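Here you go, one structure.
The values are calculated or read from the model by the stated rules, or taken from the named source; none is laboratory data. Being a predicted model, the structure only gives us computed values, none of them experimental. Here the Cβ positions follow ideal geometry from the backbone for every residue, glycine too, while neighbour counts run over all protein chains shown. Only protein heavy atoms, including side chains, enter the accessible area calculation; ligands, DNA and RNA are left aside. Shrake-Rupley method; radii C 1.70, N 1.55, O 1.52, S 1.80 Å.
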Amino acid sequence: MDKYDIIIVGGGLAGLTSALHLASMNFKVLVFEKQQFPHHKVCGEYISNEITPYLDRFGISLVHANAVCIDTLKLTTVNGKSLQIKLPLGGKGISRHALDDLLYRKVLSMNVPFIFDSVINIEFQDHFFTVTTHTERSFTADLVIGAYGKRDNLDKQLERNFMQKKSPWLAVKGHYKINGFPNNLVALHNFNGGYAGMSMTETGAINLCYLTSYESFKREKDIDTFNSKVVAKNPYLASFFADAEPLFEQSLSIAQISFHQKNAIKNHILMCGDTAGLIHPLCGNGMAMAIHSAKIASDLISRYFEHANYTRQQLEKDYQDQWNFAFKHRLRMGRHLQSLLLNNPLSTLAMEIMTKSPRLLQALIKKTHGKPISC
């Protein structure tokens, strides 16, 4: 049975960044991922500049990867009202197809092995983990990072509480070709029962990703019908669909998205990224939070291996505390903002207030985003 210092379950942003950080410190790391790279994922594909100093540390330049520099936010409502402001920190537009593959190739160059298989069981016993795959292979490690995404069968196996609650959200994503879309803009468009984010990616394609309630979606027979009958009720989205050319044969979608509170530690596994907690997409920094959570976990894991008196119990306490300090308030604010945006009378009133005081909107954005990560 192969033995590692750290096994990382999931090759998304949190998993890949953890692998990159830990491998750079010469730990023996193994990564499990279900799909070969590159691949598309349902994602807003806007990443806050708060992670730039941290990625620079490992020689990862989003600008060199042709990421689009974004510094302006536009909000619109169903009734056609709009508001545009400069973002306090700004970010980059880059597809997960490109960013995940960039990180994967960097990690691969550091001789970190990847196994493309599903993990079906993680067991902790006698101070070490045993990780078992769908093909019945087993591997052991001192520590495990769970970075397998929003929802997985592993969550059932681990008996995580949020799996017992209803998750009524559905997300849909597509890439489109259209002329005249400002490359420095991220737009957030409200429609009945949901909201859509739009921004340019490194290829020049516009990523359109929206979140809606399943209750709203199920009234229509398919995504195209829902787009035309519901999403396009927002005049800005109607104009976009009229002029844009879809680049995917079929839109990507993911159901049962849960925004319920999750624990960052479960059965001694350190949960990172969406596996530890999911911020509402309207806040525009889920990608940055995933990368930041990987840094927190990796720094503490390094301390655990390098200091004999630093116990597993202390590692787990420190990770939960630091995770809460970095993200708990931002997640709470995201829930409040979503409630506001999905209530048409309230969102209209809020838009009128913010039009008169754009600084209020900038203050709200700051409360859902972090400061540049200190290295």
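So what are region 151-232's ellipsoid semi-axes, whole angstrom, largest first, if each one is the square root of 5 times an eigenvalue of the alpha-carbon gyration tensor?
Semi-axes, largest first: 29, 18, 11 Å.
Step through the table entries 34/229; 92/221; 177/328; 218/266; 86/233, compare each Cα-Cα distance with 32 Å, and write down the pairs that go over it.
34/229; 92/221; 177/328; 218/266
Now for a separate question. Which whole-number value in Å² is the accessible area per residue of region 104-258, probe 1.4 Å?
49 Å²
Something else: Expressed in nm to one decimal, what extension gain is obtained for the pair residue 137 and residue 325 from 0.36 nm per residue of sequence separation less their Cα-Cα distance?
63.9 nm
Which is farthest toward the positive dipole end of region 132-209 among 193, 132, 176, measuring Cα position about the Cα centre, with Cβ charges +1 (Lys, Arg) and -1 (Asp, Glu)?
193
Write down the accessible area per residue of region 1-101 in Å², having rolled a 1.4 Å probe over the full set of protein chains.
For region 1-101, the per-residue accessible area is 35 Å².
Any idea what the relative contact order of region 168-321 is, in percent, if you count C-alpha pairs under 8 Å spaced at least 6 apart?
About 23 percent, as a whole number.
Ok, one more. Helix-derived [θ] at 222 nm for the chain: sum -39500 (n - 2.57) over DSSP H runs of at least 4, divide by residue count, nearest 500?
-10000 deg cm²/dmol
Output the DSSP H helices from the chain with an along-axis C-alpha extent of no less than 24 Å and a mean Kyte-Doolittle hydropathy no less than -0.5.
The answer, listed by residue number, is 286-306.
Roughly what % of DSSP beta bridges within region 1-123 run antiparallel, to the nearest 5?
Antiparallel: roughly 60 percent of the beta bridges in region 1-123.
Suppose we keep just the DSSP beta bridges with both residues in the chain; what percent of those would be antiparallel, to 5?
Among the beta bridges of the chain, antiparallel pairing accounts for roughly 70 percent.
Hey, rough spin-label estimate for residue 310 and residue 82, points 7 angstrom out along Cα→Cβ, what's it come to in nanometres?
Roughly 5.0 nm, to one decimal.
Give me the base-10 log of I(q)/I(0) for region 174-215 at each q in 0.28, 0.32 Å⁻¹, Debye formula, one uniform scatterer per Cα, rounded to two decimals.
Log10 I(q)/I(0), no solvent term: -0.96, -1.12.
Shifting gears a bit: Could you tell me what fraction of 2.2 N^0.38 Å the Cα radius of gyration of the chain comes to, as a two-decimal ratio?
That ratio works out to 0.98.
Let me ask another. Binning at 5 Å from 0, report for region 100-211 what percent of all alpha-carbon pair distances ends up in each bin.
Pairs per bin, as whole percents: 2, 8, 12, 13, 14, 14, 13, 11, 8, 4, 1, 0, 0.
Principal axis extents for region 137-191, Cα atoms only, whole Å, descending order, please.
52, 29, 18
I'd like the carbon and sulfur percentage of the solvent accessible area for the chain, probe radius 1.4 Å, heavy atoms only, ligands and nucleic acids excluded.
On the chain, the fraction of accessible area on carbon and sulfur atoms equals 49 percent.
Just to be sure I understand: if I project the alpha-carbon convex hull of region 1-119 onto a plane and average over all orientations, what area do I get in nm²?
Convex hull of Cα atoms, orientation-averaged projection: 9.2 nm².
Just grab the label-to-label distance for residue 153 and residue 39, each label 7 Å out from Cα along the Cβ direction, in nm (one decimal).
Taking the simple label geometry, residue 153 and residue 39 are separated by 1.4 nm.
Could you work out the mean projected area of the convex hull around the alpha carbons of region 221-283, in square nanometres to one decimal?
Its Cα hull, projected and averaged over all orientations, spans 6.6 nm².
Nothing charged except the Cβ atoms of Lys and Arg (+1) and of Asp and Glu (-1): what's the magnitude of the dipole of the chain about its Cα centre? Round to the nearest 20 debye.
It comes to approximately 1220 debye.
Using only Cα atoms, what Kirkwood radius does region 68-130 have, in angstroms?
16.7 Å
Based on the Cβ-Cβ distance from residue 213 to residue 121, what FRET efficiency comes out when R0 is 35 Å, to the nearest 0.05?
E between residue 213 and residue 121, to the nearest 0.05, is 0.60.
Would you mind computing the Rg to Rh ratio of region 177-289 from its alpha-carbon coordinates, Kirkwood style for Rh?
1.01
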